[in-house]
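Down below is the structure, laid out as C-alpha cells.
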Amino acid sequence: LTLRSSAARAECWPAAADPTIVYEWAVDSVAFLDTGADAANDTALPALPGATASAAVLQLEAGALATDRVYALRVRAWMAAQADVESSALVFVTVPALALVATIAGGDRTVRAGEALLLDGSGSADPNVPGSLPATYVWGCTRANGTVSADDDVVLDLEALGAPATNASTLELPAGALDAGAHTCTLTVGGVAGATAAAAVEVAVSDEALVPLLEALALPPAQASAEWSLPADRVGVRMGLDPASAALGTAAWALSWEAFVLVGEARAPADLNLADAAAVTTTGASQLNLAFRSGVLTPGATYVFQLTARLAADPLAPTGRAAVTVTLNRAPFGGSLVASPASGVALETSFALDAAGWADEDLPLTYAFKRRGASDDAQLAQAVTDTSTSRMASALLPAGALVLSVTVADALGAAATAEAALDVSEPADLDLGGLLAAGSEAVAEGDPMAAHQLLAAAAEFVASGTSSGANASSALNATDGANMVALAVSASAGLSDSPQARDLAVGTLSALLAAVPLDASTQVEALDAISGLLDEASATGAGVATAANALAGVGAALGGADALSDADREAVGEAAAGIASRLGLALIAGSLAGEAAEEVTSAEVNVTASRASAEDLSAGATTLESPGGGGAQLPPSVLAGQDAGVLEGGVNVVQYALARNAYADPSASGLGTVRSALVALELSAAGDGSPLVVVGATDPIYIALPLGAEPSGEEAALAGQCAGHACLDRGACDAATGACACDAPFYGGACQFE
C-alpha cells in the first residue's frame, strides 16, 4: 500500500526561514469491517516510520494490515523551524477479506494408461495472509460413465487406488490407478476461517503408447483483461511436452490450438482465427505457446483454449490435449473526466482533473491521467500524474490544443478511458529561476510529479518554434540545461516504480535532450537516467509512449554527436547503446517464445526484440531481420555448450542499430563517404536476463551492416551502367534501369564492394 501526501508552506511563512516540512504518520483508529466496533485491542498495528522530511509518502508491505478491518491513518505535517505551525489529513483504508484461491497446475491434460498421475495444487493460497497456504486440501476424482449426465459419473476411492491419505497439496496416483477414459479431478481447499474454494481439471487417460502429454507451464490469471498497454499484461499460455515426447523435438509433433466460449457449461467455438498472427495472436495456432493481441478477446466472456498434439508424420496417430479456462474481466464503467478551467496558460494555470462516477465490482479503482495533442495518436499520450487511487489530480500543462485522458483500472487490471479537451496558451516568457525553485520545492515536499510537469511544459515551450519559444530557447545555455536535467533526475528518484511514473520521467528527460542546450556530460547523465528507468521496466515492459520517448531522446543526442570530441562522442554512444539494449528487453517483458518480434524505429535508432525457444534457434540457420535494414544469421550451433536449464524459458534476442557509429570518427575509417551503422546483437536467458556467452559455435554468426553513402566519382559513373559490367556476377542487372540488385554481402553500383 502506498499513500502519498503533500503539504505546502503558508503564504505568510517568512522567506528567510527554514522551508523544511516534517511529516509523521499515525493510526487514529481501527474498526472491524462488518460491525464497525473498535478493533484496536485485537489488531497488531503496522510499524510506521518516524517524523522526517521524507515521510510524505507512506509505504506498507503486504501483510502489514489485517483483513476485515477499516484503518483511519492520519498524516501530520509541520514546519521544522516551528512545530506549532502544522496541519493534518485523514484517510480511511478498508481491507476486505479476499476469497481463497484454488488452482491445479497445468490445467486439463491427457495421460498414458499405466503411468503415474501427479496433480499439483501447491499454487493454491490464502491471499489474506501473504505467503500463507490453505489449512486443508481435499482431493476427489470421478470417472465418466459414458452417459450425458455428470450425475452418472463414478466416484473413485482415491485411497483404495493408492493415493496417500494425507492433507497434501498434491495428489499422486500410482501407475495403472486410472483406467482408460475421461476423468474429472477436483481440489477443494479450506481456510482457517472456514472459507473454501475449488478447482477442477479434466484428465483423459489413453491406452495408446505414443500419445503426447501436454502441460500448461505458465497460465494467464483466472480473471484476465481483454486490453493491455504493457507486454507483461498480455493473455498467453505456455505449454510443454512430457520428456519422452520432447525428446523427439517439437517439430515431430503437429500442434493445433482451438478456442471455445463457455455458454453455461457448454463449449461453443469462438469466432477467433488463431492462425492469424498479424491481427489475432502473436504466435499463430501451431506452436506450443499461444499469445493474443490486445483488444481481440471479449470482456466478460469465459474462454477455453485447447492445444492438441499428434505425431506430424502420422495423421492417424493418437492425440494428446491440454486446455486452460480464462474469464475476461469487465472494465469500469459509468464515469467521465472533467478538467477545469477549460483554458489557461502553460506553466501558470493549475488545471483540476476529476474522474467522477466510475463503478466496478473489483475495487479499488486506480486513475492515471495523460495528455496529448488534439491530432496526436492516443497511444503516444504523455503521462501527467502517477497512478493513484484518487480520482482527482492537478496538473501544469504545456501549451497547445490538448486532450486530457484518464485511464481507470479495476483491481484486476481491466481499464476504461475518458477524455476532455483543453486549450492552453503559451506564456509570455520562461522564468527559469522560478521554475527550478518551484520544482525543487515540489521534490522536497514529496511531489516529484509537479517538478516533471514543470520541466516537460518548459521543454515543449522552448521547442515550440514560436517567437516567444524561440526567445526563451536563445536565452538558455548549457548550465541552464544541466540544472534542468539535474532537477529531472532528482524528481525521477522520488517517483514510485509504476509504469505511469516511468512514462512521465522518460518523457521529461527525452524532451530536455531534444529542446535545451546540453553539454556531453549532461547528455550522458540524462541518457543514463532513461536507461535506468528502462532497466526497471524489465518486469512489466515498456508501453508505446515510453518506447517513442526513449527513441526521441537517443535521436536528439546522436544527432549532434559528430560535433563532439572522440571521448565525448564515445560516451554518448555508449549511453545510447545502453538505452537501445534495455529497451529491447523491455519490449518483450512477459512474452512467450515464438511470439512475433517487437520493433520500434526512428531516424537514428532501430530496435527489434523477440523471445525464441532454444530448440528453434538450434534447429537450423536462423535469419533475423532488423528494422531499417541489416540483420543477422545465427548458425545452429549458436547455443552449443549452454546449460539446458538456463535456456528452459527461451532466449531473448535483441538487435539494435544506431545510424551514427559514435565509437569512431567517420573521416578516419578509410571508407571515404561510406558510413556504417553501429549494429549490435545480444542473446540472453529469458528466465533471469543473464547474457549468454557464445562458447561452442562451430560456424560463424553473420551480421549485415547497412551502409550509407552519396554516389560520387567512380561510384556515380558505375551507377546505371550495369549492362557494361554485368554487376561482376555478384547480382542481377536490371536492363530497364541499368541498376544492380546485388547479392549479399556485395554492394555498390557494380557490386564491387564486399
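Within the range 1-47, the set of residues being in contact with an Asp or Glu (Cβ under 9 Å, 6 or more places away or on another chain) and of a type in the set (D, E, K, R) comprises R4, R9, D34.
Of the listed requirements (1) at pLDDT 85 or above; (2) surrounded by 16 or more Cβ atoms within 10 Å (Cβ to Cβ), Q223 misses just one: (1). Is it the case that the range 163-176 has a residue that's polar (S, T, N, Q), open to solvent by 40 Å² or more (accessible area, probe 1.4 Å), within 21 Å of A323 (Cα to Cα) and modelled with pLDDT under 85? No, the range 163-176 contains no residue that is polar (S, T, N, Q), open to solvent by 40 Å² or more (accessible area, probe 1.4 Å), within 21 Å of A323 (Cα to Cα) and modelled with pLDDT under 85.
Taking the listed residues E172, E215, E202, E208, the one that is of a type in the set (D, E) and assigned to a loop (DSSP other than H, G, I, E, B) is E208, with no other qualifying.
Filtered by the rule that a residue be of a type in the set (A, V, I, L, M), at pLDDT 80 or above and buried (at least 16 other Cβ atoms within 10 Å of the Cβ), the range 177-213 gives A177, L178, L187, V189, A195, A197, A199, A200, V201, V203, A204, V205.
Residue-by-condition table, conditions (1) more than 30 Å from G107 (Cα to Cα); (2) in contact with a strand residue (DSSP E or B) (Cβ under 9 Å, 6 or more places away or on another chain); (3) surrounded by fewer than 20 Cβ atoms within 10 Å (Cβ to Cβ):
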| site | (1), (2), (3) |
| --- | --- |
| V280 | no, yes, yes |
| L288 | no, yes, no |
| V304 | no, yes, yes |
| L347 | yes, yes, no |
| A355 | yes, yes, no |
| W358 | yes, yes, no |
| E361 | no, no, yes |
| F369 | yes, yes, no |
| D376 | yes, yes, yes |
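Cβ separations smaller than 6 Å between residues 6+ apart or across chains give the following pairs from the range 46-61 residues that are farther than 21 Å from T20 by Cα to residues that are open to solvent by less than 40 Å² (accessible area, probe 1.4 Å) and of a type in the set (A, V, I, L, M, F, W, C): P46/L60; P46/A64. Which one is farthest from G373 (Cα to Cα) among residues in the range 456-479 that are of a type in the set (A, V, I, L, M, F, W, C), surrounded by fewer than 17 Cβ atoms within 10 Å (Cβ to Cβ) and in contact (Cβ under 8 Å) with a residue 24 or more places away in the chain? Taking the candidates together, the pick is A478.
In the range 131-145 there is at least one residue matching the filter, namely being more than 30 Å from P19 (Cβ to Cβ), open to solvent by 60 Å² or more (accessible area, probe 1.4 Å) and touching a helix residue (DSSP H, G or I) at 6+ places or on another chain (Cβ under 9 Å). The sole residue among D497, D503 that is outside any loop (DSSP other than H, G, I, E, B), closer than 25 Å to R611 by Cβ and open to solvent by 10 Å² or more (accessible area, probe 1.4 Å) is D503.
The residue list A144, A102 contains one member that is in contact with a His (Cβ under 8 Å, 6 or more places away or on another chain), among the small types (G, A, S) and under 30 Å from L173 (Cα atoms), which is A144.
What residue, of A561, A557, is crowded, with 24+ Cβ neighbours inside 10 Å, over 27 Å from A685 (Cα atoms) and touching a helix residue (DSSP H, G or I) at 6+ places or on another chain (Cβ under 9 Å)? Before you say what the answer is, go through the steps one by one.
Numbers: A561 fails: crowded, with 24+ Cβ neighbours inside 10 Å.
After ruling out the rest, the residue left standing is A557.
Quick check, is D429 touching a Ser or Thr at 6+ places or on another chain (Cβ under 8 Å) and open to solvent by 60 Å² or more (accessible area, probe 1.4 Å)? In short, yes.
When you look at Q523, is it more than 19 Å from T608 (Cβ to Cβ), modelled with pLDDT of 90 or more, touching a Phe, Trp or Tyr at 6+ places or on another chain (Cβ under 9 Å) and not small (G, A, S), yes or no?
It is false that Q523 is more than 19 Å from T608 (Cβ to Cβ), modelled with pLDDT of 90 or more, touching a Phe, Trp or Tyr at 6+ places or on another chain (Cβ under 9 Å) and not small (G, A, S).
When restricted to residues that are more than 44 Å from the chain's Cα centre (by Cα), in a loop (DSSP other than H, G, I, E, B) and at pLDDT below 65, the range 698-754 contains 5. The residue pairs whose first member lies in the range 574-591 and is over 12 Å from A537 (Cβ atoms), whose second member is outside any helix (DSSP H, G or I) and of a type in the set (S, T, N, Q), and whose beta carbons are closer than 8 Å, counting only pairs six or more residues apart or on different chains, are S591/T282; S591/S610.
The values are calculated or read from the model by the stated rules, or taken from the named source; none is laboratory data. Bear in mind that the values here come from a model prediction, so they are computed numbers and not experimental data. We place every Cβ from the backbone using ideal geometry, glycine too, and count neighbours over all the protein chains shown. Surface accessibility is based on the protein's heavy atoms, side chains included, excluding ligands, DNA and RNA. Shrake-Rupley method; radii C 1.70, N 1.55, O 1.52, S 1.80 Å.
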